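The values are calculated or read from the model by the stated rules, or taken from the named source; none is laboratory data. All figures in this text were calculated on a predicted structure; none of them were measured in a lab. Cβ atoms come from the backbone with ideal geometry, glycine included; neighbour counts cover every protein chain shown.
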Amino acid sequence: MDTPRILIVDDEPGVRFVLEKTLAAEGYHLDLAADGGEAIRKLDGAEFDVLLVDLKMMPVDGLQVINALRAKRSDAAVIILTAHSTIESAVEALRLGAFDYLFKPAAPEVIRERVREAVLYSRQIMRRTRLLGQVESLKQSLMDLDAEAGPAGQATAPDRFLRSGKLVVDKYHRSVMLDGDVLDLTTAEFDLLEALVAAAPEPITPRELARRALHYDPQEMEARQTVKFHIHRLRRKLGDDLKNPKYIKTVRYKGYFWGDG
């Protein structure tokens, strides 16, 4: 497999330096752009697996870079890294297909983890092949589970599967099936969903969800914004009504909880 290509786009030299140093040991081919215009020119000359893009740049901002990317290639993963976030910019980034949304300064281990996931996500052919295998494996596992009888079957089922209505979470294969369809989830989305289903009907705070699913402990404000972004993506993949969700519900001042639909 060829070396993943990463493009870092930020108008702050210090941020570019830190990101380059953070990812240098991961074996990627790294390229840097000091502004949105330079990034768009680099997109014209090369293919990238992942872009780390700052939103607030002048005169060409991060959303314009994402637009240029989507016009050229739709399967590259975009990680937005910004200190000036609004929910409107997050929603716009989602509309344009951003893979993840992190706040400056993000911990190096968090950046490395998200980039690794984004590389995997951008290679859709391998991902689709894996998903097809998961579909058959999960369906067969469910058939075998339903056919089991006696103490052995009763003992293994709770350890492996979480069930809620039409949703089945296979913790061994890290697969999720909703109404017979396997969902295409990132690692963070799977961990968020597993935590919510396991805790249902009790709500979980954004900060606790960040600890369990994103594996770091942000401040409360950052946790709310970051988790809200991932919950929004997860609701879309579940086919949930974003204005009146039936699966992932919001409890004011408490967090989120899973409903069985």
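Residues in the range 165-188 that are exposed (fewer than 15 other Cβ atoms within 10 Å of the Cβ) and in a loop (DSSP other than H, G, I, E, B): 8 in all. Check the range 216-228 and report whether any residue there is in contact with a Leu (Cβ under 8 Å, 6 or more places away or on another chain), modelled with pLDDT of 90 or more and outside any helix (DSSP H, G or I). Taking every residue of the range 216-228 in turn, none turns out to be in contact with a Leu (Cβ under 8 Å, 6 or more places away or on another chain), modelled with pLDDT of 90 or more and outside any helix (DSSP H, G or I).
For the range 100-131, the set of residues classified as at pLDDT 85 or above and in a loop (DSSP other than H, G, I, E, B) consists of ALA107 only. The condition of being surrounded by fewer than 17 Cβ atoms within 10 Å (Cβ to Cβ) and in contact with a Lys or Arg (Cβ under 9 Å, 6 or more places away or on another chain) holds for only one of ASP159, ASP191, that being ASP159. Only one entry in ALA157, ALA210, ALA152 is part of a helix (DSSP H, G or I) and modelled with pLDDT of 90 or more, namely ALA210. As a summary of the residue check, ASP75 satisfies the conditions (1) at pLDDT 70 or above; (2) crowded, with 17+ Cβ neighbours inside 10 Å; (3) closer than 26 Å to LEU214 by Cα except for the one numbered (2).
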